[in-house]
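Asks: Once you've had a glance at the structure underneath, I'll fire off some questions.
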Amino acid sequence: MSRINPIIQFLAILIVVLGLAFIVHIAILNSSALPPFENLIVLSYVVNCLLAATIFVALYIFRKTLKNQIGFLFMGGSFLKFVFFFILFYPAYKADGEMSRLEFAAFFIPYGISLIIETVFTAKMLKKLY
């Protein structure tokens, strides 16, 4: 029996988990009588998913040639996510002078979920290298 390609496995889990989190997030906002699709929530889930996928695929491609630098590349990927946050989201979130809890959650829930999945898969990948 053939093993599932780690990239395909990562992408499937990332998309399913973020998709479920998005549904739960929207449901909680709806049940709390809060506007469900404000605070750039859709863009946030999409951007975090795409960045996590790009970063993991890059780490996987370079896992053998740059195996001693994978940790630095991983941290560079996290830095890249924050750059995207400050370019795409921060100006809209601070337009009224403050960042609300809803704005914070709209970005950092998908960010945190993506980071956890990336970390688990990167650790598994590194474990196989050594």
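Asks: Would a scan of the range 53-67 turn up a residue that is in a loop (DSSP other than H, G, I, E, B) and open to solvent by less than 70 Å² (accessible area, probe 1.4 Å)?
Replies: yes
Asks: Now a separate question. Taking Asn5 and the conditions (1) in contact with a helix residue (DSSP H, G or I) (Cβ under 9 Å, 6 or more places away or on another chain); (2) under 18 Å from Leu126 (Cβ atoms), which numbered condition does it fall short on, given that it satisfies the others?
Replies: Every listed condition holds for Asn5 apart from (1).
Okay, residues lined up against (1) out of contact with any helix residue (DSSP H, G or I) (no Cβ under 6 Å at 6 or more places or on another chain); (2) under 16 Å from Val24 (Cα atoms); (3) buried (at least 16 other Cβ atoms within 10 Å of the Cβ):
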position	(1), (2), (3)
Ile87	yes, no, no
Tyr93	no, no, yes
Leu102	yes, yes, no
Ala105	yes, yes, yes
Phe108	yes, yes, no
Ile113	no, yes, yes
Glu118	no, no, yes
Ala123	yes, no, no
Lys128	yes, no, no
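Asks: Is the range 44-67 home to any residue that is over 21 Å from Ile7 (Cβ atoms) and aromatic (Phe, Trp, Tyr)?
Replies: no
Asks: Regarding the range 65-72, can at least one residue be identified that is closer than 16 Å to Lys128 by Cβ and touching a residue at least 40 places away in the same chain (Cβ under 8 Å)?
Replies: yes
Asks: Give Leu43, Leu50, Leu73, Leu29 a once-over and let me know the one that is over 23 Å from Lys124 (Cα atoms), among the aliphatic types (A, V, I, L, M) and open to solvent by 30 Å² or more (accessible area, probe 1.4 Å).
Replies: Leu43
Asks: Still on this structure, I have one more. Just to verify a result, which residue in the range 89-120, among those that are in a helix (DSSP H, G or I) and hydroxyl-bearing (Ser, Thr, Tyr), is farthest from the chain's Cα centre (by Cα)?
Replies: Within the range 89-120, the match that is farthest from the chain's Cα centre (by Cα) is Tyr93.
The values are calculated or read from the model by the stated rules, or taken from the named source; none is laboratory data. Predicted, not measured: the structure shown is a model, and the values here were computed from it. Because the Cβ atoms are built from the backbone with ideal geometry, glycine has one as well, and the counts that use them run over all protein chains shown. Ligands, DNA and RNA are excluded from the accessible area calculation, which covers all protein heavy atoms including side chains. Shrake-Rupley method; radii C 1.70, N 1.55, O 1.52, S 1.80 Å.
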